[in-house]
Amino acid sequence: MKHNRLRGWIALTLAFCLVLGLTGCGDSGKKKTVTGKTPEDTLETFFEALSKNDVETMMACCYVEDYLDRVSFSQYTDRIQSYMPVGGISAPTEYDYYRELVGYELRGQYARSFKMLAFSLLATDAEYENLLNNMSIQHVDRKWAKSFSRTVDPEILKDLEVLSIDEDCPEMQRDLKYSKNFLAVTGADDCVERTVLLKLDGQLFYKGFKLAEIDERWQIYSLSATLLGENSNGVATQVDSKQDYRDIIE
């Protein structure tokens with residue numbers, strides 16, 4: 001009877017994964033990975049998690065574990081033709097010690113982008129402009145910090161809406177040189193950029209992403225769209241209208 005219940009539970013779990021069209025069932029020794037059958041699936045999952053303040057699922061949408069599996073330190077260094085002990089596969093990941101550390105380093109980079117994405121959606125007043133441009137805000141105190149904490153309360157993100165997910169700069173994305181360089185460094189099977197139009201508290205924002213295809217599943221490689229000229233800090237940009245957004249991405 002116990003074995004029957006166990007088999008039933010396993011079958012139910014696998015069916016649940018298939019219904020979602022997502023894979024979150026990896027090796028027990030690895031962090032959870034969530035991937036969509038399309039770039040849009042993955043981004044929808046990511047933003048649903050953001051609206052729920054679910055950092056674990058947001059991180060699971062990102063290209064970490066497969067990156068570590070697919071690209072060794074020697075391969076990465078050979079493709080980059082230079083070495084700095086930060087970013088990418090920055091240490092010999094054939095050793096478990098360094099693999100774990102590089103994994104934390106990669107997740108830390110994503111975590112910073114998650115934080116800045118939330119700040120950019122919530123701290124929209126002009127006084128925060130320096131912050132969103134990686135510059136410090138001077139002459140602040142405890143009173144300012146308390147006010148800022150209220151401004152960036154992540155609970156507000158529950159009302160975040162995804163209005164559309166679009167291919168940005170389509171002609172440039174079809175340039176083989178663009179994808180060839182990316183694939184050589186990352187070990188991905190394919191890559192695309194997508195831009196998401198968002199709405200929160202009556203304001204429109206857009207946010208670009210680069211996604212990597214791994215075994216016909218899609219993961220977030222970076223919270224930036226290179227072809228749109230976005231920087232890599234994860235900040236969303238305010239836009240006045242849907243037509244202005246269309247003009248930007250086309």
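The values are calculated or read from the model by the stated rules, or taken from the named source; none is laboratory data. Just so it is clear, the structure is predicted and the values come from calculations on it, not from any experiment. Reconstructed Cβ throughout: ideal geometry from the backbone, glycine too, with neighbour counts over all protein chains shown.
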Inter-residue pairs, beta-carbon under 7 Å, first modelled with pLDDT under 90 and in the stretch 126-145, second surrounded by fewer than 10 Cβ atoms within 10 Å (Cβ to Cβ), 6+ apart
ASN130/SER136
Please name all residue pairs, on different chains or six or more residues apart, with Cβ atoms under 6 Å, provided the first residue is in the stretch 149-171 and is within 15 Å of ASN53 (Cβ to Cβ) and the second residue is surrounded by 13 or more Cβ atoms within 10 Å (Cβ to Cβ) and among the aromatic types (Phe, Trp, Tyr).
VAL152/PHE119
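Which members of the stretch 180-236 meet the condition of being charged (D, E, K, R), part of a loop (DSSP other than H, G, I, E, B) and surrounded by fewer than 20 Cβ atoms within 10 Å (Cβ to Cβ)?
Initial filter on the stretch 180-236 (charged (D, E, K, R)): 180, 189-190, 193-194, 199, 201, 207, 210, 213, 215-217, 230.
Imposing the further condition that a residue be part of a loop (DSSP other than H, G, I, E, B) reduces the set to 189, 201, 215-216, 230.
Hits for the stretch 180-236 are ASP189, ASP201, ASP215, GLU216.
In the stretch 30-43, what count of residues is obtained for those that are touching a helix residue (DSSP H, G or I) at 6+ places or on another chain (Cβ under 8 Å) and not in a strand (DSSP E or B)?
Qualifying residue count, the stretch 30-43: 5.
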Can you say whether PHE46 is out of contact with any Asp or Glu (no Cβ under 7 Å at 6 or more places or on another chain), in a helix (DSSP H, G or I), modelled with pLDDT of 95 or more and not β-branched (Val, Ile, Thr), as far as the supplied structure shows?
yes
Is the stretch 163-176 home to any residue that is closer than 18 Å to ALA118 by Cα, aliphatic (A, V, I, L, M) and surrounded by fewer than 18 Cβ atoms within 10 Å (Cβ to Cβ)?
yes
Among LEU106, LEU50, LEU121, LEU68, which is the only one that is among the aliphatic types (A, V, I, L, M), in contact (Cβ under 8 Å) with a residue 60 or more places away in the chain and closer than 30 Å to ASP189 by Cβ?
LEU50
Residues of the stretch 147-204 being closer than 23 Å to VAL64 by Cβ and small (Gly, Ala, Ser), in sequence order, are SER179, ALA184, GLY187, ALA188
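Can SER113 be described as hydroxyl-bearing (Ser, Thr, Tyr) and buried (at least 17 other Cβ atoms within 10 Å of the Cβ)?
Considered against the rule, which asks whether it is hydroxyl-bearing (Ser, Thr, Tyr) and buried (at least 17 other Cβ atoms within 10 Å of the Cβ), SER113 comes out as yes.
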Selection from the stretch 182-227 of residues in contact with a Leu (Cβ under 7 Å, 6 or more places away or on another chain) and of a type in the set (A, V, I, L, M) yields VAL192, VAL196, LEU197, LEU198, LEU200, LEU204, ILE220, LEU223
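Hand me the list of helices (runs of 4 or more DSSP H) wholly inside the stretch 57-163 holding 2 or more residues that are more than 23 Å from ALA212 (Cα to Cα). Full working, then the answer.
Working: elements: 65-70, 73-80, 96-122, 129-132, 142-151.
Fully inside the stretch 57-163 and qualifying: 96-122, 129-132, 142-151.
How many residues are among the acidic types (Asp, Glu) and part of a loop (DSSP other than H, G, I, E, B) when one looks only at the stretch 237-250? Break it down into steps so the answer makes sense when it comes.
Of the stretch 237-250, the ones among the acidic types (Asp, Glu) are 240, 244, 247, 250.
Imposing the further condition that a residue be part of a loop (DSSP other than H, G, I, E, B) reduces the set to 240, 250.
Total meeting the criteria: 2.
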The one condition in (1) closer than 27 Å to PRO92 by Cβ; (2) touching a strand residue (DSSP E or B) at 6+ places or on another chain (Cβ under 7 Å) that THR38 fails to fulfil
(1)
Output yes when any residue across the stretch 51-65 is more than 15 Å from LEU223 (Cβ to Cβ) and surrounded by 19 or more Cβ atoms within 10 Å (Cβ to Cβ), and no when none is.
yes
So, in the stretch 175-200, exactly how many residues are modelled with pLDDT under 95 and over 15 Å from ILE249 (Cβ atoms)?
17
